[in-house]
Amino acid sequence: MSKSALITGITGQDGAYLAKLLLDKGYDVYGFIARRGSDTLWRLRELDVLERITLLDGDLLDLSSMIRALEKSRATEIYNLAAQSFVATSWDQPLLTAEVTGVGAVRMLEALRIVNPRARFYQASTSEMFGKIQQPMQDEHTPFYPRSPYGVAKLYAHWSTVNYRESFGLHASSGILFNHESPLRGIEFVTRKVTDAVARIHAGLQKELRLGNIDAQRDWGFAGDYVDAMWRMLQQEQPDDYVIATGRTTSVREMCRIAFAHVGLNYEDHVVIDPRFYRPAEVDILLGNPAKAKARLGWEAGTPLETLIGMMMEADLRRVAKPA
Ligand code: NDP
Ligand code: GDR
């Protein structure tokens, strides 16, 4: 009998890659989706998975919809990827972010306790929980100091996952994932904002790119690699928490240089610093130590930033040349 998995946030970047990975492994894949007015299914179409999954309506604000989704899917693996995930928006919508990104995870843990406490649970935790950095490389023992309402909400969800594991013996694991990108990344995030703009500038459709703090540094990997780490966590006999990262950090400035150079342009001729994109509090630098994931999960990041940006650039050049 094939295994059954339920993914919240299946319409997002990671949800689409994870759905593909699980389908390729023979799972029955169910997606928990909040119905929106606009088309949110484009990523699932792009990876050719839409016709192979079952979508169940629901919302992380609505416990009863979670209970029904768990009952209908009979999922033995639940991946909680849904969130208000854009850090900048979390200052404008702190309460919604808390409800969806923080309390939403606890609703899913409660639903799990009610319907199937033996199911395995994955929580999408984040390097944003480290926030104001207190040691040069962050691992599973680094103290947390979130710097945004998003980071605070994720920390609540993270500790709740740990607490439900310790209180009720749930197989609940938390992946502390550092930034990961892809051609399916939302356009509001900086890497995709840059690759989309470079493609447009190259095509003569725009001249400048307005950015905020380009001296921020991130540990960027490829989303396609990172969803494999999520799956590996749930295959372990014991649940645990893992840092998932590349172990290399790069500034937004350098990332811009790589993207513009892809089409023979100099970023300094086009990037304009716009204070509107500065954040009330910044996470200056992130650099993850993925040693535990390598030792226990046999997982390693496989895509260098240059290759990743190249993939994103090629996808955006194609999109700009052939608009939908
Ligand atoms: P995205 O923003 O691309 O996807 C978020 C998903 O959550 C979308 O499917 C969205 O649906 C869904 N969602 C939002 N609100 C609700 C709600 N109230 N009820 C149900 N679904 C909802 O995120 P990513 O794929 O990039 O990230 C996946 C998860 O991993 C997120 O939790 C994120 O915070 C976390 N994370 C991401 C990292 C990264 O670098 N990408 C790093 C570390 C953690 P819709 O499309 O309809 O809006
Ligand atoms: P982040 O990603 O906040 O790290 O959260 P984002 O790409 O939004 O920002 C990265 C860094 O770039 C700086 N920056 C800008 N960012 C955006 N979006 N737009 C700009 O114009 C701009 N200019 C400079 C930011 O200040 C920041 O320092 C992502 C999300 O996927 C989270 O959900 C996830 O938890 C973390 O990664 C790990």
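Using DSSP to define loop residues, name the trypsin sites (Lys or Arg not before Pro) in region 1-42 whose beta-carbon has at most 11 other beta-carbon atoms within 10 Å.
For trypsin sites (Lys or Arg not before Pro) across region 1-42 that sit outside H, G, I, E and B with at most 11 neighbouring Cβ atoms in 10 Å, the list reads 35, 36.
Contour minus end-to-end for residue 71 and residue 103, with contour as 0.36 nm per residue of separation and end-to-end as the Cα-Cα distance?
Stretched fully, the residue 71-residue 103 segment lengthens by 9.4 nm.
Could you pull out every residue, at least 5 positions away or on a different chain, whose amide H is within less than 5 Å of the one on residue 33? Hs are placed 1.01 Å off N in the peptide plane, and Pro or chain starts have none.
For residue 33, whose amide H was placed from the backbone, the distant partners under 5 Å are 56, 57, 58.
What FRET efficiency comes out for residue 235 versus residue 261 if R0 is 41 angstrom and r is the Cβ-Cβ distance? Round to the nearest 0.05.
Efficiency, rounded to the nearest 0.05: 0.55.
What share of Cα pairs, in percent, lie more than 22 angstrom apart in region 1-144?
Counting pairs separated by more than 22 Å, the tail of P(r) holds 42 percent.
At a Förster distance of 35 Å, what's the computed FRET efficiency of residue 319 paired with residue 285, Cβ-Cβ distance as r, to 0.05?
0.65
Amide H neighbours of residue 172 under 5 Å, at least 5 residues apart or on other chains, H built in the peptide plane: list them.
121
Subtracting the Cα-Cα distance from 0.36 nm times the residue separation, let me have the gained length for residue 306 to residue 91 in nm, one decimal.
Gain on extension, residue 306 to residue 91, equals 74.3 nm.
Report, by chain and number, residues whose modeled amide H sits under 5 Å from the one on residue 212, excluding near sequence neighbours (fewer than 5 apart, same chain).
HN-HN under 5 Å from residue 212: 274.
Dipole of region 1-106, Cα-centred, from +1 at each Lys and Arg C-beta and -1 at each Asp and Glu C-beta, to the nearest 20 debye?
260
Where only protein heavy atoms count, and the probe is 1.4 Å, what is the accessible area per residue for region 169-324 in Å²?
Ligands and nucleic acids excluded, the result is 43 Å² per residue.
Let me have the relative contact order for the chain, percent, based on Cα pairs under 8 Å that are six or more residues apart.
Value for the chain: 17 percent.
With a point put 7 Å past each Cα toward its Cβ, work out how far residue 163 is from residue 110 in nm, to one decimal.
Rounded to a tenth, the inter-label distance reads 1.2 nm.
Tell me which of 305, 16, 287 sits at the most positive position along the dipole axis of the chain, charges placed on C-beta atoms (Lys, Arg +1; Asp, Glu -1).
16
Could you give the accessible area per residue of region 8-83, probe 1.4 Å, as a whole number in Å²?
46
Rounded to the nearest 0.05, what FRET efficiency is calculated for residue 210 and residue 64 with R0 set to 51 Å and r the Cβ-Cβ distance?
Efficiency, from the Cβ-Cβ distance: 0.75.
List the lysines whose Cα lies under 19 Å from the Cα of residue 72, skipping any in the same chain that are fewer than 8 positions away.
Qualifying lysines at Cα under 19 Å: 3.
For the chain, give the percent of accessible area contributed by carbon and sulfur heavy atoms, probe 1.4 Å, rounded to a whole number.
On the chain, the fraction of accessible area on carbon and sulfur atoms equals 50 percent.
Quick one: 3J(HN,Hα) in Hz for region 282-288, Karplus 6.51/-1.76/1.60 with θ = phi - 60°, rounded, Gly and Pro as x.
With coefficients 6.51, -1.76 and 1.60, one gets 10, 9, 6, 8, 10, 8, x Hz.
Mind checking which aspartates and glutamates have their C-alpha under 18 Å from residue 20, skipping anything on the same chain fewer than 8 residues away?
Within reach: 28, 46, 48, 51, 77, 181, 225, 228.
Nearest 500 deg cm²/dmol is fine: what mean residue ellipticity at 222 nm does the chain get from its DSSP H runs of n ≥ 4 alone, each adding -39,500 (n - 2.57), divided by its residue count?
Estimated from H runs of four or more residues: -11500 deg cm²/dmol.
Which lysines have a Cα less than 23 Å from the Cα of residue 322, not counting those fewer than 8 places away in the same chain?
193, 207
What dipole magnitude, in Debye to the nearest 20, does region 177-324 give about its Cα centre under +1 on Lys/Arg Cβ and -1 on Asp/Glu Cβ?
360
The values are calculated or read from the model by the stated rules, or taken from the named source; none is laboratory data. Please read all numbers here as calculations on a predicted model, not as lab measurements. Heads up, the Cβs are rebuilt from the backbone with ideal geometry, glycines too, and the neighbour counts pull from every protein chain shown. Remember, those area values only see protein heavy atoms, side chains included, never the ligands or the DNA or RNA. Shrake-Rupley method; radii C 1.70, N 1.55, O 1.52, S 1.80 Å.
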